[in-house]
1. Full extension from Ile134 to Ala7: what is 0.36 nm times the residue separation minus their Cα-Cα distance, to one decimal in nm?
2. Starting from the 7 Å offset along Cα-to-Cβ, what nm value, one decimal, do you get for the label separation of Gln357 and Ile156?
3. What is the gain in length, in nm to one decimal, between Ser295 and Glu278 on full extension, counting 0.36 nm per residue of separation less the C-alpha to C-alpha distance?
4. Which of the pairs Lys40/Lys282; Lys80/Lys286; Lys98/Lys124; Lys18/Lys98 have their Cα atoms more than 31 Å apart in this structure?
5. If you stretched the chain out fully between Tyr112 and Leu327, how much longer would it get, using 0.36 nm times the residue separation minus the C-alpha to C-alpha distance?
6. What do the square roots of 5 times the Cα gyration tensor eigenvalues come to for the range 20-117, in whole Å, largest first, as semi-axes of the equivalent ellipsoid?
7. Using the basic label-point model (7 angstrom from Cα toward the beta carbon), what is the Leu367 to Glu395 distance in nanometres?
Amino acid sequence: EPVVSLAEVLAENEELEKEARAVLGGSDHERCSYSQGAVKRQALYACSTCTPPGGEPAGICLACSYECHGTHRLFELYTKRNFRCDCGNSKFKNLQCKLLPEKSKVNSGNKYNDNFYGLYCTCKRPYPDPEDEIPDEMIQCIVCEDWFHGRHLGAIPPESGDFHEMVCQACMNHCHFLWAYASQLAVPALTKVNSLEDEGIVLKVEESEEQKKEIKKEGGVEHQETKEEKQMEQFNEPSTSSGSDFLNIYGFCSKFLQKFPVETAKTTSESSFCKLKELQSKQFLKKDTATFWPSNWRSKLCTCADCLKMYSELEVQFLTDECDTVLAYENKGTSDQETERRDPLMDTLNSMNRVQQVELICEYNDLKTELTDYLRRFADEGTVVKREDIQHFFEEFQSRKRRRTNRMQYYCS
């Protein structure tokens, strides 16, 4: 029979609890999230029993999955952004939400895909897939939030620890501007283009007429500044006439004042500097593949007025929001759960009086000492602890406890 150590069992259990806290910790398991409107990010489920394939897709929150659909067949959707719970609305013909019965007929802001029918990736297969014998990791696209097999992304994914987020092929075509950033930020294949022989399309943005005029204008300013430097040299030369000195100083000040607005305009242009245009002016490689991104890549996206307008038109404003990431949601859930987690032993102690607290602590110490001594024998002999060994220990422990209790004598004064 396969043998596992107690430490391995505890470690596996702790890892499962940690994963559950991360995914579910940011969601309320007691109250329907509908009253919060479109929740920024939450754990969602789809009910195949209430909304089977062929019907309208719908998503339900964590609390409703427990209270209203506890005996139904559910698809776990992990997390999705800007979603409002559908439970009990017009998409559910024969069900009313037990937590919040009064709801609008539809949530027009919700977005749905094949995940709500239990289908994923470009292959539109369930997960886990009973017919798929190839072991493959599923990765979620941060834009469309669908899940994809690693082998269906058009590129071999890096090691899971090397990247933080993924954008699928279709979303890279939709968010075409990301290719310019990919040449600098993506992990690891899409790096700076050194050769035109690489597979893909090398894009080079030609200078527009406005850009050429701007360059000429800057060249004119530089030429003007050169003339002024020569004049300044002349002003610094000694003069034999006091009137000439006055005119030279006056001319220098006039030139300085004329130059000042140019410097102001230059500073203003720097404040509206666009990182994207700078990257697009260089060569970059565009492939028909997904892209993989490091943890801090969103902070490097341009946030000038033109780019913000573009994000809005493409409906990807969330790309500049670091708190939108699944990792941020998981960290918040884990942090909240750790804060709320309480030691059951301490809760029990706080509910007792002083005498009961002392007795419980003594009993706990006795159990800990005897169990440690009992298990040490197995460790010294190198033998496996079996279920019957644990049962035998607790039977003996209870028997010894009863004998100690029966011998106790109480005296009253």
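1. Working: separation 127, 0.36 × 127 = 45.72 nm, distance 3.12 nm.
Taking Ile134 through Ala7 to full extension adds about 42.6 nm, to one decimal.
2. So the two model labels end up 6.2 nm from each other.
3. In short, 3.9 nm is gained.
4. On the way: Lys40/Lys282 36 Å; Lys80/Lys286 28 Å; Lys98/Lys124 33 Å; Lys18/Lys98 29 Å.
Where the Cα-Cα span goes over 31 Å, the pairs concerned are Lys40/Lys282; Lys98/Lys124.
5. This chain segment gains 75.2 nm when fully extended.
6. In descending order the semi-axes read 17, 15, 14 Å.
7. Computed distance between label sites Leu367 and Glu395 equals 1.9 nm.
Each reported figure results from applying straightforward, stated rules to the coordinates on display, with no laboratory input. Source: prediction; values computed, not measured. Glycine gets a Cβ as well: all are built from the backbone with ideal geometry, and neighbour counts include every protein chain shown.
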